[in-house]
Amino acid sequence: MIAAGQATWYLSRGSGAVSLVLLTVSFVLGIPTLLSWGTPRVPRLVVQLMHRNVSLLVIVFLLIHIATSVLDSFVSISWIDALVPFGGTYRPIWLGLGALAADCLIAVIVTSLLRPRVSFALWKRVHWLAYACWPIAIVHGLGTGTDTRYGWMQLLDAVCAALVLGSIAWRLAVRPMQDPRRRTATVAAVVAVPLAIAIWLFAGPMQADWGKTHKAATPATTQDATAETTVP
């Protein structure tokens, strides 16, 4: 039977993975929304509503992920640590990236919900954060997640990455940027960022010693450590 502490820990892991999947779906649906794409069978309004509803669902699972991480007794994370980037003591870099991704996503969602009340220029500038939110979120998950070295999580990350990169490629093909410098910088970023993440992944989180110094304690390992210290 799973104890309360273990249930919180597993729920934190699961909600994090679901948040990544939903964030990916929201990102992919945002491209046709941006392009005002639609077909007779899938009208533009349906795509827009799907994008909005999935984005709101991301917030729900993100809040679950944050709440369970804070309530988890095996690590020390406060609400401030979960929302203020790089302010905590537990894994400040990886946790800080998660907080940064959450803040960016919240800003995008809030400005979208307030779209009639904010200027188009402000909404557009804030919405650009969506392109930064996804890679920051996946680095957070890879760096601090306890499932990074599992095959199912690697497959999930790979599929999400392929969908995001494919949607960006489609957007650049359908509506190329007019400014050559901006277009070159965008293409360079699309190539360089995934490559950098892949190199870091295999040099860091995929290494056996990464878990010894960076991986969060699990309920099982924590119980084992406690038993070792209490047995004479």
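The values are calculated or read from the model by the stated rules, or taken from the named source; none is laboratory data. None of the values given here were measured: they were computed from a predicted structure. Methodologically, a virtual Cβ is constructed for each residue, glycine included, from the backbone with ideal geometry; neighbour enumeration extends over all protein chains shown.
When every residue of segment 52-73 is checked against the conditions, none turns out to be modelled with pLDDT under 90, buried (at least 19 other Cβ atoms within 10 Å of the Cβ) and among the aliphatic types (A, V, I, L, M).
Table: residues versus (1) surrounded by fewer than 18 Cβ atoms within 10 Å (Cβ to Cβ); (2) touching a His at 6+ places or on another chain (Cβ under 6 Å); (3) at pLDDT below 90.
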| residue | (1), (2), (3) |
| --- | --- |
| Trp79 | yes, no, yes |
| Pro85 | no, no, yes |
| Leu95 | no, no, yes |
| Leu113 | yes, no, yes |
| Arg117 | yes, no, yes |
| Ala137 | no, no, no |
| His140 | no, no, no |
| Met153 | no, no, no |
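Of the residues in segment 85-97, at least one is at positive phi and touching a helix residue (DSSP H, G or I) at 6+ places or on another chain (Cβ under 6 Å).
Comparison of Val126, Val54 shows that the only residue that is over 26 Å from Arg13 (Cβ atoms), aliphatic (A, V, I, L, M) and in contact with a helix residue (DSSP H, G or I) (Cβ under 6 Å, 6 or more places away or on another chain) is Val126.
Counted as qualifying within segment 1-86 are the helices (runs of 4 or more DSSP H) with 1 or more residues that are closer than 30 Å to Arg175 by Cβ, in contact with a Cys (Cβ under 8 Å, 6 or more places away or on another chain) and in contact (Cβ under 8 Å) with a residue 12 or more places away in the chain, namely 4-34. Does at least one position in segment 202-212 carry a residue that is modelled with pLDDT of 85 or more, assigned to a helix (DSSP H, G or I), of a type outside the set (Asp, Glu) and out of contact with any His (no Cβ under 6 Å at 6 or more places or on another chain)? Yes; the residues of segment 202-212 include at least one that is modelled with pLDDT of 85 or more, assigned to a helix (DSSP H, G or I), of a type outside the set (Asp, Glu) and out of contact with any His (no Cβ under 6 Å at 6 or more places or on another chain). Among the residues of segment 143-160, those identified as under 15 Å from Val75 (Cβ atoms) and among the β-branched types (Val, Ile, Thr) are Thr144, Thr146. Check off (1) under 30 Å from Trp200 (Cβ atoms); (2) aliphatic (A, V, I, L, M); (3) modelled with pLDDT under 85 for Ile106 and give me the number that stays unchecked. If we test Ile106 against (1) under 30 Å from Trp200 (Cβ atoms); (2) aliphatic (A, V, I, L, M); (3) modelled with pLDDT under 85, just (3) comes out false. Any residue at all in segment 161-175 that is more than 29 Å from Trp94 (Cβ to Cβ), touching a Lys or Arg at 6+ places or on another chain (Cβ under 9 Å) and not acidic (Asp, Glu)? Yes, segment 161-175 contains at least one residue that is more than 29 Å from Trp94 (Cβ to Cβ), touching a Lys or Arg at 6+ places or on another chain (Cβ under 9 Å) and not acidic (Asp, Glu).
Scanning segment 33-57 for residues being of a type in the set (Ser, Thr, Tyr) and either farther than 25 Å from Val18 by Cα or more than 22 Å from the chain's Cα centre (by Cα) (or both) gives a total of 2. Being touching a residue at least 24 places away in the same chain (Cβ under 8 Å), farther than 20 Å from Val75 by Cβ and among the aromatic types (Phe, Trp, Tyr) is a condition met by at least one residue of segment 169-186.
Screening segment 105-188 for helices (runs of 4 or more DSSP H) wholly inside it with 1 or more residues that are farther than 26 Å from Val84 by Cα and not basic (Lys, Arg) returns the ranges 120-127, 151-174.
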